[in-house]
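I have placed the structure first, in the form of structure tokens, so that the comments after it can refer back to it.
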Amino acid sequence: MSDIESPARRFSLFFLAIIFITLVLSIAAFFQAFDAYNIGQVANGHFFMLIGVSGLALLTYMVFQTRRRALRFVLKPPRIATTILCQKCGFKNIRDFERGDFIFKDTEECPKCKEKMMIASIYREVEEKKRPRRWI
Ligand SMILES: [Zn+2]
């Protein structure tokens, strides 16, 4: 697992640095803008304000990109599920894949009609579980 997670961590650290620099520059631009407005240079104020807003927009974009990419790296491999079907009454049960499972293998008794149930399918579960919100 560690060899899967490490690229994501290095990736995040690199972007953390860029995001920090962009944030500092944006804040500096806002201060420059307020200074310019204070001394009556409205055109200069607008210019620095534009830089600050662009910086923040870029920052937001990068944070979202990083989160998307980092999540893709960190995602666990999909779970493998085994579907067990009762041929007689149609009772269906889904459980985790176990070593030795194969399609058409006879398994446990049906809880409804006590007939032997059979493995009908084995597949990867593609649904992604909701993770707690985490920035970067
Ligand atoms: Zn049954």
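The values are calculated or read from the model by the stated rules, or taken from the named source; none is laboratory data. Every value quoted in this text rests on a predicted model; they were computed, and no experiment measured them. So basically every Cβ, Gly included, is an ideal-geometry build from the backbone, and we count neighbours across all protein chains shown.
Computed quantities for the displayed model
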read-out	value
Any hit, the range 76-86, residues being at pLDDT below 90, more than 16 Å from the ligand (Cβ to nearest atom), surrounded by 13 or more Cβ atoms within 10 Å (Cβ to Cβ) and closer than 27 Å to residue 14 by Cα	no
Selection from the range 96-130 of residues that are more than 16 Å from the ligand (Cβ to nearest atom) and of a type in the set (D, E, K, R)	96, 98, 99, 101, 105, 124, 125, 127, 128, 129, 130
